[in-house]
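Below is one structure; the comments refer to it alone.
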Number of protein chains: 2
Amino acid sequence: MKWYLETGPEGDVVVSTRIRLARNITEFPFISRMTEEQGQTIIKNVKDALFSASSAAADEFEFHEMEKLTPARAMSLAERHLISPQFAKNKKGRALLLSNDDSVSIMLNEEDHIRIQTLMPGMQLRQALQKANLYDDLLDEKLHYAFDENIGYLTCCPTNLGTGLRASLMLHLPATFQTGAIPSVENAISKLGLTIRGTFGEGSDAKGSFYQVSNQITLGVTETEAVENLYTIAQQIISQERAIRETLKKQSLQLEDKIYRSHGILKSARLLCADEFMSLISDLRMGVTMGIIDNVSLETINSLINEMQPATLVAGAGRKLDAMGRDALRASKIREKLV
Amino acid sequence: MKWYLETGPEGDVVVSTRIRLARNITEFPFISRMTEEQGQTIIKNVKDALFSASSAAADEFEFHEMEKLTPARAMSLAERHLISPQFAKNKKGRALLLSNDDSVSIMLNEEDHIRIQTLMPGMQLRQALQKANLYDDLLDEKLHYAFDENIGYLTCCPTNLGTGLRASLMLHLPATFQTGAIPSVENAISKLGLTIRGTFGEGSDAKGSFYQVSNQITLGVTETEAVENLYTIAQQIISQERAIRETLKKQSLQLEDKIYRSHGILKSARLLCADEFMSLISDLRMGVTMGIIDNVSLETINSLINEMQPATLVAGAGRKLDAMGRDALRASKIREKLV
């Protein structure tokens, strides 16, 4: 079962937790300066390390040479945050190890030789870090990581030096957004070494009020400190979101109207573009978490958010689709799921 | 059963037929110059004439002194085209005889002493005229109508001189409207002695694309000629509307999307104002007549159009309602009817 078909702790606000570790192998130069052969050797070494370290891994993971994936399939992986958009666009000399439940992905020859990523539903920072550490240790046994006693892990980009850790939470903040409080959140957390940005869509345009909150500091802190810091600050954002939702609930008729309409359109439309879908599903998600809508599960919503993204839809269709065909397919798949 | 709970001929485009006869009693001066007592005598005489002429009439008709009606009740009658808006606003010295099924209304001391009006579903010009003539003859037996051998019936306003007849069809022309062809219809029929105007809303603003097409000429033509003329021209407007609907059907995905969304919002919304309601029900009506929506009857739609108008809603609620209360009541009543 895919990881996102379950709802995790604090699921009313926290959609998912993501941990990413950046690692490099000491025998090889950084990506920018290595040869094609060296790149292939890295891929082979990591793959062998994973599959020899654990007999289960061979069943659990699929290995993909990125160049063999169709553009839609590659973009679909990026949409679901299993790989970076850059990794999807520039596939040459790159490979991916992906667990069957989509919860662990190991990108090879991205910005660093190795990027281990774990995904979990809801707020599970410690658990996701633990899981990432497990694969990290497993590879560490067979490979020689570039590591400095004083600095920590050596990475291609200095912003990752030290822990090489990026911890992120995907938060659903429709109430905070509605009251115009996102900029003040942004301002407050940037002073605490965190960033917030829209999960879907480019730049500050946060489609459906889904936000990614991540740590920025990797140097001079331990993994645990970084994760604890993110946890503490996220708790405040979550509390504020819940408080605003409660306030909105008191002026409930307009809110209910908006939520029921969005639900009604999702169940009725014959054409739905990605942007409108994100906005409607955001309303519906808020309605479900607030107990206004009771015949739709959070799991259904979370899986729709994952599966209705443009490239994922196209990759699943297995045929060419123009924009209208995609919007029609999206609408029809949503109607199947939302009875 | 109310007349509008049935669907008549050509119901896909023709919502209803209305016939109105203007009559005056020869012994009394026109409204503008008569005394209050004369007005009361007219009311008494017409009421007695109707109730004595037919024993059934006493059971079939309710008599209302307009001043005894609440403003909401009076406005509700106007919304349902049973009386004129002026008659609802200025109630002094005026009375109404209204049949139980709302298909016959006799306004007393409106612009003329007597205005007999019949309403029927769909295209039923001859039948509605026949019915109006029946009540006209019935009153004519007991009263002395102001009538001139050369001119015909004498009316207060010269525009009604002659037949005193106004025949109207309420047409639903969403496709004609969508293609921007209403002005050309307006232009063409004005040359043929007809007018077209929005049924709901003021002036040229036709809420929900419902239009009233009426004859203008009353002098020098017979009732039958006037009605035949309206019938012939209406047939052309109807054919054009149907042809455009067929064309739209070929680009069906966007049309279907629009119709299903409107249906979805009507079934889901918690707040619906009158304007939005008219626009959504217009889409739904088009969808039903085009066979796109098959689980809603035209009768349900026609009754909603009648019953969801602002004053009718308030009159039915039997309690004070602010704008939001009215919009909430409208939304809830619509959800009951559209399962």
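Considering A:Gly220, A:Gly208, A:Gly198, the condition of being surrounded by fewer than 22 Cβ atoms within 10 Å (Cβ to Cβ) and either of a type in the set (Val, Ile, Thr) or more than 30 Å from A:Glu27 (Cα to Cα) (or both) is satisfied by A:Gly198 alone. Test of understanding: among A:Glu246, A:Glu225, which residue is open to solvent by 30 Å² or more (accessible area, probe 1.4 Å), within 28 Å of B:Leu272 (Cβ to Cβ) and acidic (Asp, Glu)? Only one candidate qualifies: A:Glu246. Being within 16 Å of the chain's Cα centre (by Cα), among the polar types (S, T, N, Q) and open to solvent by 20 Å² or more (accessible area, probe 1.4 Å) is the filter here; which residues of the range B:286-307 pass it? The answer is B:Asn306, and nothing else. Scanning the range A:322-338 for residues that are among the β-branched types (Val, Ile, Thr) and either touching a Cys at 6+ places or on another chain (Cβ under 9 Å) or open to solvent by 40 Å² or more (accessible area, probe 1.4 Å) (or both) yields no hits at all. Scan A:Gln240, A:Gln251, A:Gln235 and give me the residue that is touching a residue at least 60 places away in the same chain (Cβ under 8 Å) and surrounded by fewer than 21 Cβ atoms within 10 Å (Cβ to Cβ). Matching residue, one of A:Gln240, A:Gln251, A:Gln235: A:Gln240. A Cβ distance below 8 Å, combined with a sequence gap of six or more or placement on separate chains, defines the contacts here; from the range B:254-266, residues that are within 12 Å of A:Ser262 (Cα to Cα) and more than 7 Å from chain A (Cβ to nearest Cβ) reach residues that are assigned to a helix (DSSP H, G or I) and aromatic (Phe, Trp, Tyr) in the pairs B:Leu266/B:Phe277.
With the requirement that a residue be of a type outside the set (Ser, Thr, Tyr) and open to solvent by 50 Å² or more (accessible area, probe 1.4 Å), what does the range A:11-37 give you? Within the range A:11-37, A:Glu27, A:Phe30, A:Arg33, A:Glu36, A:Glu37 meet the criteria.
Which members of the range B:84-97 meet the condition of being open to solvent by 10 Å² or more (accessible area, probe 1.4 Å) and within 21 Å of B:Ser16 (Cα to Cα)? If the condition is that a residue be open to solvent by 10 Å² or more (accessible area, probe 1.4 Å) and within 21 Å of B:Ser16 (Cα to Cα), then B:Ser84, B:Pro85 are the ones that fit. Say whether the condition of being within 14 Å of chain B (Cβ to nearest Cβ), in a helix (DSSP H, G or I) and under 30 Å from B:Ile292 (Cβ atoms) is met by at least one residue in the range A:194-209. Looking for residues that are within 14 Å of chain B (Cβ to nearest Cβ), in a helix (DSSP H, G or I) and under 30 Å from B:Ile292 (Cβ atoms), one finds none in the range A:194-209, hence no.
So, in the range A:119-135, how many residues would count as being charged (D, E, K, R) and open to solvent by less than 10 Å² (accessible area, probe 1.4 Å)? Reasoning before the result, please.
First, the residues of the range A:119-135 that are charged (D, E, K, R): A:126, A:131.
Of the ones still in play, those that are also open to solvent by less than 10 Å² (accessible area, probe 1.4 Å) are none.
Result for the range A:119-135: 0.
Of everything in the range B:269-279 that is part of a helix (DSSP H, G or I) and open to solvent by less than 10 Å² (accessible area, probe 1.4 Å), the residue that is farthest from the other protein chains (Cβ to nearest Cβ) is B:Met278.
In the range B:219-226, the condition of being assigned to a helix (DSSP H, G or I), touching a residue at least 12 places away in the same chain (Cβ under 8 Å) and of a type outside the set (Val, Ile, Thr) is met by at least one residue. Would it be correct to say that A:Val296 is part of a helix (DSSP H, G or I) and either without any contact (Cβ under 8 Å) to a residue 40 or more places away in the chain or among the aliphatic types (A, V, I, L, M) (or both)? Considered against the rule, which asks whether it is part of a helix (DSSP H, G or I) and either without any contact (Cβ under 8 Å) to a residue 40 or more places away in the chain or among the aliphatic types (A, V, I, L, M) (or both), A:Val296 comes out as no. Take the conditions assigned by TED's automatic domain parsing to the domain that holds B:Gln127, open to solvent by 60 Å² or more (accessible area, probe 1.4 Å) and either within 22 Å of the chain's Cα centre (by Cα) or farther than 30 Å from B:Met308 by Cα (or both) and apply them to B:Lys191. Does it pass? In short, yes.
Looking across B:Leu284, B:Leu304, one residue alone is assigned to a helix (DSSP H, G or I) and within 14 Å of chain A (Cβ to nearest Cβ). It is B:Leu284.
Of all the residues in the range B:137-181, those that are open to solvent by 10 Å² or more (accessible area, probe 1.4 Å) and in a helix (DSSP H, G or I) number 9.
The values are calculated or read from the model by the stated rules, or taken from the named source; none is laboratory data. Keep in mind that what you see is a predicted model, and the values were worked out from it rather than measured. Note that we place each Cβ from the backbone using ideal geometry, even for glycine, and neighbour counts take in every protein chain shown. The protein model used for the area step is the full one, side chains on, heavy atoms only, and it has no ligands, DNA or RNA in it. Shrake-Rupley method; radii C 1.70, N 1.55, O 1.52, S 1.80 Å.
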